[in-house]
1. Taking the stretch 8-29 only, how many residues are small (Gly, Ala, Ser), surrounded by fewer than 18 Cβ atoms within 10 Å (Cβ to Cβ) and closer than 16 Å to PHE104 by Cα?
2. Could you please find all residues in the stretch 242-255 being among the hydroxyl-bearing types (Ser, Thr, Tyr) and part of a helix (DSSP H, G or I)?
3. Does LEU149 satisfy being part of a helix (DSSP H, G or I), at pLDDT 95 or above and over 18 Å from THR65 (Cβ atoms)?
4. All but one of (1) among the basic types (Lys, Arg); (2) at pLDDT 95 or above; (3) farther than 29 Å from MET66 by Cα hold for ARG182, so report the exception by its number.
5. Take GLU89 and decide whether it is in contact (Cβ under 8 Å) with a residue 24 or more places away in the chain, out of contact with any strand residue (DSSP E or B) (no Cβ under 7 Å at 6 or more places or on another chain), assigned to a helix (DSSP H, G or I) and surrounded by 18 or more Cβ atoms within 10 Å (Cβ to Cβ).
6. Can you tell me which residue among SER184, SER227, SER206 is among the polar types (S, T, N, Q), surrounded by fewer than 18 Cβ atoms within 10 Å (Cβ to Cβ) and either closer than 30 Å to PRO135 by Cβ or under 18 Å from the mean Cα position of the chain (by Cα) (or both)?
7. Just one of SER239, SER218 is under 19 Å from TRP148 (Cβ atoms), at pLDDT below 95 and either small (Gly, Ala, Ser) or not in a helix (DSSP H, G or I) (or both); which is it?
8. For the stretch 53-88, name all the residues that are farther than 19 Å from PHE191 by Cβ and either outside the structural domain of ALA127 (by TED's automatic domain parsing) or at pLDDT below 90 (or both).
Amino acid sequence: MTTLLLILSALIGLCFIFAFCYFVAARINNYGIVDIVWAYSFAVLAVYYAVGSSGWPWRRGLIATMALIWSLRLGTHLYSRVMQHHPVEDGRYRQLRQDWAANFKPKMFGFFQFQAISIVLLTPAFAVACLNTTPTWQPLEVAGAVLWLLAFAGEAFADAQLAAFKRNPANRGAVCTRGLWRYSRHPNYFFEWLIWVAYFVFALASPFGWCAVIGPLSILFLLLRVSGIPLTEQQALRSKGEAYQRYQATTSAFLPWFPKKLP
């Protein structure tokens, strides 16, 4: 299968998956499930690329395994978070209902389809690595795998710390400032971005691997300017108010750093 056909067939398949997901979300009246499907879809795509390509089997196996482990962990974490509150919808999507008002359904369908497109645009690292026929490991691939391991552990640790904080009823309405959350308001997003940097570093060992830079750049833009930090912080300010404003004044938004001392 040619590279173009591989990518186009993946896009068509994902568009059908997210169209089905949209109708399920509309039926259960919880559009937050799109986050779960988005996370799990990377595993599907990575395995599809690995099976449909003709590169060195060990390389295809490693990049698919990295993507599979990351995707399943993130998807399961999001499933637990979304379904724990179902049928109450995530605050971000409740806000979109208000913002989009009468045009909510067609706009939300388009939003779901954009998720399918974003997955394909974010994953050239998977495709170029799976197409690389060189039968030996390259230093950049080793470096990428090590960085991925560190970033994966950091993201899982950050999610676990926040989940443990939220499970304590005494912390209801409070802001988590423990562990990694003391040094960044969104350490999970920071390590998420590092995972995509790791995929890019891994892909640089393959022909046309430079094109995989779209992954970490796009994720960084989405996290900093679109659906990551902006929507999360808007919801945090609505639910935690002044306490979260103080947190914003003292703690780095993204890159982990020592907190400031207020005068």
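The values are calculated or read from the model by the stated rules, or taken from the named source; none is laboratory data. Please read all numbers here as calculations on a predicted model, not as lab measurements. So basically every Cβ, Gly included, is an ideal-geometry build from the backbone, and we count neighbours across all protein chains shown.
1. Counting residues in the stretch 8-29 that are small (Gly, Ala, Ser), surrounded by fewer than 18 Cβ atoms within 10 Å (Cβ to Cβ) and closer than 16 Å to PHE104 by Cα gives 2.
2. TYR244, TYR247, THR250
3. Spelling it out, it is not the case that LEU149 is part of a helix (DSSP H, G or I), at pLDDT 95 or above and over 18 Å from THR65 (Cβ atoms).
4. Against the list (1) among the basic types (Lys, Arg); (2) at pLDDT 95 or above; (3) farther than 29 Å from MET66 by Cα, ARG182 comes up short only on (3).
5. No: the conditions fail for GLU89.
6. SER227
7. On the way: SER239 fails: under 19 Å from TRP148 (Cβ atoms).
Testing whether each residue is under 19 Å from TRP148 (Cβ atoms), at pLDDT below 95 and either small (Gly, Ala, Ser) or not in a helix (DSSP H, G or I) (or both) leaves just SER218.
8. SER54, VAL82, MET83, GLN84, HIS85, HIS86, PRO87, VAL88
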